[in-house]
Amino acid sequence: MSRSLLALLVTGAAVFTVFLAWPASESSGNLERREAIFWAAQHLLKVQNDDGGWPVRPGEATSRGTRAVVGRALLWAWNVTGSPEHLEGSLKAADGLMAALRGDPRSALALDGVFLLEVGRVTGREEYTRAALGVHYARRHARGWSDGASAAASFHAAAG
């Protein structure tokens, strides 16, 4: 694994860790937590690609699997900071993920569906929830649990 990808994943994991580790009280530690999450999320936004994902190295194409992991970190950051930028970055990741899955639904990861479901819950927008269902059906097909439809047909039928 390259150092750049590792740094990106560590930054995303740091957002999760900071979010979960600090107490939820209104103490000075909570303010430090918010600030740490805010700046970690700002870094993630700075290196986000136009297609909503994140590269292994700056300037490269999006690395597989980054949209759901890092997009979810931004969604959690928005939950803590309330910064609209963090929600927008997460939505950009979700939209990029849905576009990528329309092109190749067989590449769906379980976390992709979880992320899209969370975005659908937060935004109230059904297209994300339908895409999460599409991920579920595409993954079922990939594992041989399908009703005979192709992975692409399963995804598109559910995602709309």
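The values are calculated or read from the model by the stated rules, or taken from the named source; none is laboratory data. Since we're looking at a predicted model, the values are computed, not measured. Glycine also receives a Cβ, built like all others from the backbone with ideal geometry; neighbour counts cover every protein chain displayed.
Counting the residues of the range 26-76 that are among the hydrophobic types (A, V, I, L, M, F, W, C) and over 24 Å from Leu111 (Cα atoms) gives 3.
Of all residues in the range 102-127, those that are within 14 Å of Arg140 (Cα to Cα) have Cβ atoms under 8 Å from Cβ atoms of residues that are assigned to a helix (DSSP H, G or I) and among the aromatic types (Phe, Trp, Tyr), 6 or more apart or on another chain, in Pro105/Phe155; Ala108/Phe155.
State whether the residues of the range 85-96 include one that is over 14 Å from the mean Cα position of the chain (by Cα), farther than 16 Å from Arg121 by Cα, surrounded by fewer than 20 Cβ atoms within 10 Å (Cβ to Cβ) and at pLDDT 90 or above. So far as the range 85-96 goes, yes, one or more of its residues are over 14 Å from the mean Cα position of the chain (by Cα), farther than 16 Å from Arg121 by Cα, surrounded by fewer than 20 Cβ atoms within 10 Å (Cβ to Cβ) and at pLDDT 90 or above. Restricted to the range 64-146, the set of helices (runs of 4 or more DSSP H) holding at least 1 residues that are more than 29 Å from Trp39 (Cβ to Cβ) and among the acidic types (Asp, Glu) comprises 126-142.
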